[in-house]
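Below is one structure, written out as structure tokens; comments come after it.
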Amino acid sequence: MADHDSPQEVAETFLKKLEDSPFIMIGLNDGNHSEPMNVKLDDEQPNTLFIFSAHDNRIAKGGEAMAQFVGKGHDFFACLAGRVSEETSAATIDKLWDNSVEAWFPNGKAEARLNRFDITSAELWETDVAISGRLKMLFGGTIHGSESSSHAVVDSLA
């Protein structure tokens, strides 16, 4: 990790990147493949990602899970471990329901299930390669750690 980026700063960058591109690959630790899902954030519930799905979706049964995130510009990466369970709070469902969700569930909220992914740990990488590193990538050369990226292992995104 670069000296100027604390784990908390890298975690805050992750949340900003996730708002720009709210898609993750997520799968239960059950041997099935991960799949792309759109996530919702609730500022009042840190360390939790919310995912609307069909009731019979792969993650709907819940359990231990892993999720991966790649930033829109391929300049940020995250691997998240946690647990998927059903969110039953009508207030949370109402708060997170919007036109983009309704487009997938035109018959309304009864057709959808809100899953919560409670993050227990995360590894985050910010790959903002310095100018000197970019030149080395173009013309060959060794990129040193101080030129390459920030990396953080965090237990909390809050």
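Quick note: the coordinates plus some simple rules give every number you see, no bench work behind them. Given the structure is predicted, the values throughout are model-derived calculations rather than measurements. Positions of Cβ are backbone-derived with ideal geometry, glycine not excepted, and every protein chain shown enters the neighbour counts.
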Which whole-Hz ³J(HN,Hα) couplings does region 93-106 yield from phi under the Karplus relation 6.51 cos²θ - 1.76 cosθ + 1.60, θ = phi - 60°, glycine and proline marked x? 4, 4, 5, 8, 5, 8, 4, 5, 6, 4, 4, 7, 10, x
Of the trypsin sites (Lys or Arg not before Pro) in region 1-87, those whose Cβ has at most 13 other Cβ within 10 Å and which sit in DSSP loop: Lys72
log₁₀ of I(q)/I(0) at q = 0.16, 0.18 Å⁻¹ - region 1-87, Debye sum with one point per alpha carbon: -0.65, -0.81
Could you list, in their original order, any pairs among Lys40/Lys61; Lys40/Lys109; Lys16/Lys61; Lys16/Lys95 whose Cα atoms are separated by more than 25 Å? Lys16/Lys61
Loop-located GluC sites (Glu not before Pro) in region 1-91, at most 16 other Cβ atoms within 10 Å (DSSP): Glu44
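How do Thr92, Thr127 line up, fewest other C-beta atoms within 10 Å first?
Final ranking by Cβ density, sparse to dense: Thr127, Thr92.
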